[in-house]
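These notes are about the structure you will find just below.
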Amino acid sequence: MTGAAPPGRRPVVRRLAGLLGQPSARRFGLLLLLLAGFAVTLLLAPRPDAADLPRLADALGGYAPVAAVVGGALLLVALVPRTFVTLASGAIFGPVLGAAYALGAALLAAALGFAVGRLLGREFVAERVRGRLARLDGWFARQSVFGVITVRLLPIAGFGLVSYGYGTTGARVLPFLAGSVIASAPTAIGYAAIGAAVSSPGSINWYAAAPASLGLIASVLIIHRWWRAERQRRLGPT
């Protein structure tokens, strides 16, 4: 019969149809489509000229701070790398205000990404985690601010993608937001300073990169401390 699925594929088709009949699966599919759309847009969208960035603040006037925080947050949830957002913020507003607005954008983006991940993906994940995945989900649920900082500093995924991923776990929102901001602070200061220096040719100097270097050192120390704490927890009391 024309158009009929081969016998070997019928169970797969029925399983897929049954899966799509579940509201949680449809919401999770919407989350995946959203992320795929962001990824495609990121690849195809034109890159702005860095020399034009400082003029944006004058054009926006008194709305510039709000636009910086909200616009930066929307870029982050659209999977734009946080490095670019922070450099642009520094280039437009200078090292101090640029870092502050970049941190505000990171906080708002973390909240938005977490909320979307929780709304669209948590139920689907919770219904299906078993064994080691269930233990991993429990680990996320028990995480403190320090645990979130550790995950944020690991080079596993971009800022926005980590936010969505956290929302699909049992993680608590307040430690997640606090850890996200603390982990973002060192590089926000460093990259905003570099962005400000780049927008003013001839003003680049070694101390513009110092906060980022300190952030890297802090990241290594935090990861080492986390590894020791996890090792002691597994070994149990002696």
Exercise. In this structure, does residue 166 turn out to be farther than 22 Å from residue 41 by Cα and within 13 Å of the chain's Cα centre (by Cα)?
Worked result: yes
For this session: Determine whether segment 80-88 contains at least one residue that is surrounded by fewer than 20 Cβ atoms within 10 Å (Cβ to Cβ), more than 15 Å from the chain's Cα centre (by Cα) and without any contact (Cβ under 8 Å) to a residue 60 or more places away in the chain.
Result: no
Problem set entry | segment 168-190: number of residues that are modelled with pLDDT under 85 and touching a Ser or Thr at 6+ places or on another chain (Cβ under 6 Å) | 0
Problem set entry | Selected residue (criterion: least open to solvent (accessible area, probe 1.4 Å)) from residues of segment 94-115 that are touching a Pro at 6+ places or on another chain (Cβ under 9 Å) and without any contact (Cβ under 8 Å) to a residue 60 or more places away in the chain | 104
For this session: Would you be able to say whether some residue in segment 191-209 is at pLDDT 65 or above, open to solvent by 50 Å² or more (accessible area, probe 1.4 Å) and of a type in the set (Phe, Trp, Tyr)?
Result: yes
Exercise. Is one or more of the residues making up segment 127-141 in a helix (DSSP H, G or I), modelled with pLDDT under 65 and loosely packed, with under 13 Cβ neighbours inside 10 Å?
Worked result: no
Exercise. Before we move on, is residue 64 touching a helix residue (DSSP H, G or I) at 6+ places or on another chain (Cβ under 8 Å), open to solvent by less than 50 Å² (accessible area, probe 1.4 Å) and modelled with pLDDT of 90 or more?
Worked result: no
Exercise. Only one of (1) closer than 29 Å to residue 34 by Cα; (2) open to solvent by 50 Å² or more (accessible area, probe 1.4 Å); (3) hydrophobic (A, V, I, L, M, F, W, C) is not met by residue 73, so which one is it?
Worked result: (2)
Exercise. If you scan segment 116-162, which residues turn out to be of a type outside the set (A, V, I, L, M), within 17 Å of residue 27 (Cα to Cα) and touching a residue at least 12 places away in the same chain (Cβ under 8 Å)?
Worked result: 117, 118, 121, 122, 123, 124, 127
Problem set entry | Output for segment 75-116, where each listed residue is over 13 Å from residue 159 (Cβ atoms), of a type in the set (Gly, Ala, Ser) and in a helix (DSSP H, G or I) | 88, 89, 90, 91, 98, 99, 100, 104, 115
Exercise. Quick one: is residue 174 out of contact with any Pro (no Cβ under 8 Å at 6 or more places or on another chain), open to solvent by 40 Å² or more (accessible area, probe 1.4 Å) and within 28 Å of residue 29 (Cβ to Cβ)?
Worked result: no
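The values are calculated or read from the model by the stated rules, or taken from the named source; none is laboratory data. Quick caveat: nothing in here was measured; it's all calculated off a predicted structure. Quick reminder, even Gly has a Cβ in these numbers, built from the backbone with ideal geometry, and neighbours come from all protein chains shown. Only protein heavy atoms, including side chains, enter the accessible area calculation; ligands, DNA and RNA are left aside. Shrake-Rupley method; radii C 1.70, N 1.55, O 1.52, S 1.80 Å.
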